[in-house]
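The values are calculated or read from the model by the stated rules, or taken from the named source; none is laboratory data. Predicted model only: the values in this text are computed from it and were never measured. Cβ coordinates were reconstructed from backbone atoms using ideal geometry, including for glycine residues, and neighbour counts include every protein chain displayed.
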Amino acid sequence: MKQTPENPNRSQADSRREFLKKGALASSIFIVPRYVLGGPGFIPPSDRLHLAAIGAGGKGHSDIINASVGGRERVVALCDVDFSGSASRTAEHFPKAKRYADYREMLDKEKGIDAVTISTPDHVHGPAAAFAMQRGKHVYVQKPLTHNIREARLLTQMAREKQVVTQMGNQGASNPLLGMVQKWVDSGVLGTISKVQVWTNRPVWPQGFAMPQPDPARKPDALDWDLWLGPASETPYIPNMHPFNWRGWWEYGTGALGDVGCHLIDIPYRTLGLTFPTDAECSVGSVYTQMWTPDYHPEGCPASSFITLHYEATAKTGAPVEMTWSDGGIRPAHPEGIPADMDIGGRDSANGVLIIGENGIISTNINDSSPLMPKLFLNDGTREFGPEVEEMEEPEYGHQRKWVDACKAGFDSEEHRSLTSSFDYAGPMTETVLMGNLAIRSYMLRRETEEGRHEFYGRKKLLWDGDAMRVTNLEEANQFVGRTYREGWEM
């Protein structure tokens, strides 16, 4: 919320409420109940959060609408680089909101903004969130929290320093059915837990080939391409990169892991109490368009990958844990403990998580707004299943609304501490997700030998010092911990 000169920890909304209280006490006029003045359900302006959206199209549409809680809160500004696309629906929904193309201009001009939703391509998440938090704004940031590990660490620290309320947009974290999975883990029925398998059918967008060539002549008139690039390298317009195909290119996106890793990996990371991985190793699918020579496109994410991460034992696992991730439609073998004619994970086994213990297995679907479908299979024949179909009482389990309520309650309030993906949790979890991408990018490192051949020197297990945020056995891999920023977009 906006800070006031009298007390930097007080919000603008608090100041508005205090003004009304003092005005009422100063007069002897009888205070008329709200419902008499404004009708049933009337909310005075002093109690409404002033919201803005950075990225108003695509997922940004539902994020800001859900954050407005059916009009309970006031949306005062919208920022998007292209209001001719899906962002136009958001502008129509909030016709009184001022429109901007540059979030920096919006946040510097609109001093009354209390909180912002950030639903841009991945490469803008970190810089936009940092810019907003530096100005005392509460932030809701779409998953993955950031484009790289360094940014995730910085945002986690900044949220504490600035005392702002934060939430990452992995809405399934607020799914109450996660409590069923947590209960099974906490009960100890699985015994020692040493293995987790996670998989997805992503990517479902173009990925795994050479970066398309720029063609400025094809740029839509309504799109501000320079602002869309933001912190990324300056380049002429690339057709079809906006609004969605950016996901498969490292300059802008974070691939399949960035798209759904914060939904899928969230389940074991949360329920098992995991922290930093100790190492990361990967392999990727090769594509051959000529004999004996695999295509080499390090600027983009691969068509498929397989990643292995290791974690130290926790109180909930009783043993070190090996987590594997596979994407591109590659999934684990069907476990013996689950009937052969039954899906693993979600429907058609397309996405899922298996938590494997010595006494049985927990199977769940992707944790976004899809049915979680939690299932417990014990070796003694015991089975316990959650519902196949879920009925949400409010959109996306109230994930955005809970953040808004916490913003109004204030930093370190009970509402804030009860959030399921504040940056204190979402930051470290995002670092785990992005460790997989660090391994993929290191896997593609190569140099030419004296014989004229290519040596892929990064294809090894990478040892990770989580506290220091460094790979300790391959210095060149550390270039992927952060990124280079275009001037004016640094963080």
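Got a sec? Which of TYR457, TYR443 is assigned by TED's automatic domain parsing to the domain that holds LEU227, out of contact with any helix residue (DSSP H, G or I) (no Cβ under 7 Å at 6 or more places or on another chain) and over 24 Å from TYR311 (Cα atoms)?
Details: TYR443 fails: over 24 Å from TYR311 (Cα atoms).
Only one candidate qualifies: TYR457.
Please work out if PRO302 is farther than 28 Å from PRO387 by Cβ and not β-branched (Val, Ile, Thr).
Working: farther than 28 Å from PRO387 by Cβ: yes; not β-branched (Val, Ile, Thr): yes.
Yes.
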(request) Among the numbered conditions (1) in contact (Cβ under 8 Å) with a residue 40 or more places away in the chain; (2) outside the structural domain of GLY386 (by TED's automatic domain parsing); (3) surrounded by fewer than 19 Cβ atoms within 10 Å (Cβ to Cβ), tell me where GLY191 comes up short. (result) (2)
(request) Among the residues of segment 76-104, count how many are buried (at least 23 other Cβ atoms within 10 Å of the Cβ) and small (Gly, Ala, Ser). (result) 2
(request) State yes or no: is ASP412 out of contact with any Lys or Arg (no Cβ under 8 Å at 6 or more places or on another chain) and at positive phi? (result) yes
(message) Tell me the residue from THR317, THR364 that is in contact (Cβ under 8 Å) with a residue 12 or more places away in the chain and over 18 Å from GLY172 (Cβ atoms), please.
(response) THR317
(request) Taking the residues in segment 43-75 that are touching a Leu at 6+ places or on another chain (Cβ under 7 Å) and within 21 Å of TRP225 (Cα to Cα) as candidates, determine which candidate is surrounded by the fewest Cβ atoms within 10 Å (Cβ to Cβ). (result) ALA53
(message) Being touching a helix residue (DSSP H, G or I) at 6+ places or on another chain (Cβ under 6 Å), in contact (Cβ under 8 Å) with a residue 40 or more places away in the chain, at negative phi and not in a helix (DSSP H, G or I) narrows it down to one residue among VAL198, VAL139, VAL185; which is it?
(response) VAL198
(message) Need the failing condition index for GLU161 against (1) within 26 Å of GLU396 (Cβ to Cβ); (2) part of a helix (DSSP H, G or I), just the number.
(response) (1)
(request) Give the residues of segment 460-487 that are in contact (Cβ under 8 Å) with a residue 60 or more places away in the chain and charged (D, E, K, R), sorted by residue number. (result) LYS460, LYS461, ASP467, ARG483, ARG486
(request) Go through segment 145-158 and count every residue that is outside any loop (DSSP other than H, G, I, E, B) and in contact with a Lys or Arg (Cβ under 7 Å, 6 or more places away or on another chain). (result) 0
(request) Test PRO231 against the stated conditions and say whether it is in the same structural domain as PRO203 (by TED's automatic domain parsing), farther than 25 Å from ILE362 by Cα and surrounded by fewer than 16 Cβ atoms within 10 Å (Cβ to Cβ). (result) no
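Before we move on, is LEU107 surrounded by fewer than 24 Cβ atoms within 10 Å (Cβ to Cβ) and among the aliphatic types (A, V, I, L, M)?
Values: surrounded by fewer than 24 Cβ atoms within 10 Å (Cβ to Cβ): yes; among the aliphatic types (A, V, I, L, M): yes.
Answer is yes for this residue.
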(request) Given the conditions (1) in the same structural domain as GLN197 (by TED's automatic domain parsing); (2) within 22 Å of the chain's Cα centre (by Cα); (3) free of Cβ contacts under 8 Å to residues at least 40 places away in the same chain, report the number of the one that ASP405 does not fulfil. (result) (1)
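Give the residue, chosen from ILE65, ILE118, ILE54, that is touching a Cys at 6+ places or on another chain (Cβ under 6 Å), at pLDDT 95 or above, among the hydrophobic types (A, V, I, L, M, F, W, C) and closer than 27 Å to GLY258 by Cα.
Numbers: ILE65 fails: touching a Cys at 6+ places or on another chain (Cβ under 6 Å); ILE118 fails: touching a Cys at 6+ places or on another chain (Cβ under 6 Å).
Only one candidate passes the filter, namely ILE54.
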(request) Working only within segment 240-265, note down all residues that are touching a strand residue (DSSP E or B) at 6+ places or on another chain (Cβ under 9 Å) and either under 18 Å from THR364 (Cα atoms) or outside any loop (DSSP other than H, G, I, E, B) (or both). (result) GLY248, TRP249, GLY255, ALA256, LEU257, GLY261, CYS262, LEU264, ILE265
